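Quick notes on the structure that follows.
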Amino acid sequence: MKLAEVAQKLGCRLEGSPEIEIRGVAGIEQAEAGQITFLANRRYFPLLHSTRASAVLVEEGIKMARDPDLPPLAALRTPNPYLAFAHAIELFYQPPRYAPGIHPTAVISKSARIGEGAHIGPYCYVDEEAEIGRNAVLHSFVTIYRSAKIGDDFFAHAHAVVREFCRIGNRVILQNGAVIGGDGLGFAKQKDGSWYKMAQSGPAVLEDDVEVQANACVDRATVGETRIGRGTKLDDLVLIGHASRVGPDTMLCGQVGLAGSTKIGSNCILAGQVGTAGHLTVGDGTVVTAQSGIPNDVPARSLFSGYPAVENRQWLKTMAALNRLPDLQKHVRVLEAEIEKLKSR
């Protein structure tokens with residue numbers, strides 16, 4: 001594909017030869033001639049001098065300094081190089097397509113309803129009264145429990161599970177091993193000290209365009225429901241506790257854990273290994289940095305860090321003071337020694 005055609009399809013302004021032949025995409029360090037790369041992080045600016053890519057997706061105003069011993073590097077100017085790179089990948093890579101049909105090893109209940117164009121792969125199981133919309137793909141070993149309701153264009157990778165009575169919208173993706181609607185941690189203490197299991201009667205609900213990545217779990221609710229808002233993305237090993245609610249277009253990164261009845265607003269980002277106590281609210285547009293612990297409510301449009309999580313600037317000051325503690329301890333000891341000398345006079 002000529003670079004001019006790539007620029008036109010991506011909606012970019014081209015600086016460089018329109019006749020360059022492009023055959024693929026790659027990261028800026030690995031790219032070779034004939035490939036497009038991107039630059040979205042200032043840490044990688046020096047690599048513009050040395051990358052062997054033929055073209056780079058880059059913001060307006062960034063100078064294209066170049067090692068004179070290397071071929072010229074064309075620029076595809078765009079306000080969002082990372083998003084443009086995502087679209088560029090799609091120009092050169094097409095994921096596998098799955099023909100409609102039901103594999104002979106799949107077990108489909110007579111009362112289940114499967115929409116047109118669905119692909120049901122080997123050893124899948126669809127229980128009684130379950131409903132699956134049009135053009136669904138159940139790859140292999142996928143289990144859909146009784147009375148689950150799933151919308152159109154659903155894609156479940158191998159070993160994904162949707163439990164009883166759960167509701168899933170359109171264009172939802174479940175990666176390998178995702179479990180939607182498993183029992184929440186609901187147990188009542190008895191007089192003899194043992195735990196009495198509480199029925200988990202409320203379904204998990206995933207709205208349109210949600211993606212749940214590998215081995216993540218969205219627990220069902222004791223009562224009510226657990227709900228994941230439209231367009232939200234859950235990374236690998238995320239746990240959503242029972243009766244929690246996550247707003248639209250939020251991203252929960254790897255190993256985030258929400259205790260029961262947590263409310264996360266829309267357009268939030270919880271970075272890796274963030275944990276919350278239960279029954280609290282994180283406001284819309286909030287970012288919580290990695291490994292933070294949230295014991296209390298967090299206001300909207302905040303940047304919080306640390307444990308217990310506090311406003312990021314306060315946390316940075318605290319960490320700076322913490323790093324100085326050994327020196328401060330030495331100074332205190334010197335001052336204490338001076339005071340003892342004065343007392344002894």
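Some notes on this structure:
- Loop-located trypsin sites (Lys or Arg not before Pro) across the stretch 108-208 with a Cβ neighbour count of 12 or fewer within 10 Å are LYS110, LYS191, with loop assigned by DSSP.
- Measure of compaction for the stretch 208-345 (Cα Rg per 2.2 N^0.38 Å): 1.46
- Per residue value of the accessible surface for the chain (all protein chains in place, 1.4 Å probe), Å²: 55
- Net charge contributed by nearby residues that have their C-beta within less than 15 Å of PHE304 (K/R +1, D/E -1): 0
- Within the listed set ASP235, ASP192, ASP209, the residue fluctuating most in the Gaussian network model of the chain (springs between alpha-carbon atoms under 10 angstrom) is ASP192.
- To the nearest 10, the accessible area of ASP127 is 20 Å² with a 1.4 Å probe.
- Accessible heavy-atom area order of TRP315, TRP195, highest first, probe of 1.4 Å: TRP195, TRP315
- Prolate/oblate/rounded call for the stretch 44-146, Cα gyration tensor, a/c under 1.5 rounded: prolate
- Surface calculation, 1.4 Å probe, protein heavy atoms: HIS331 sits at approximately 120 Å² accessible.
- Computed extension gain for ARG301 through GLU129, at 0.36 nm per residue and net of the alpha carbon distance, reaches 57.7 nm.
- Looking at the chain, the pairs of alpha carbons with a distance over 34 Å make up 48% of the total.
- Separation of alpha-carbon centers, the stretch 258-297 and the stretch 51-100, rounded to whole Å: 34
- The H on the amide N of ARG113, modeled in the peptide plane, is under 5 Å from the matching H of ALA130, GLU131, ILE132, each at least 5 residues off or on a different chain.
- In the chain, lysine pairs closer than 19 Å at Cα, eight or more apart or cross-chain: 4
- Note on ARG230 and GLN190: their simple-model spin labels are 4.6 nm apart, each label 7 Å out from Cα toward Cβ.
- Using Cβ point charges alone (K and R +1, D and E -1), the dipole size of the stretch 285-345 about the Cα centre works out to roughly 260 debye.
- Percent accessible area from carbon and sulfur atoms, the chain, protein chains only, probe 1.4 Å: 55
- Residue of THR222, THR78, THR276 that the Gaussian network model of the chain assigns the largest fluctuation, springs spanning Cα pairs under 10 Å: THR78
The values are calculated or read from the model by the stated rules, or taken from the named source; none is laboratory data. From a predicted model like this one, the values you see are computed outputs, not experimental measurements. Glycine also receives a Cβ, built like all others from the backbone with ideal geometry; neighbour counts cover every protein chain displayed. Side chains included, ligands, DNA and RNA excluded: accessible areas come from the protein's heavy atoms. Shrake-Rupley method; radii C 1.70, N 1.55, O 1.52, S 1.80 Å.
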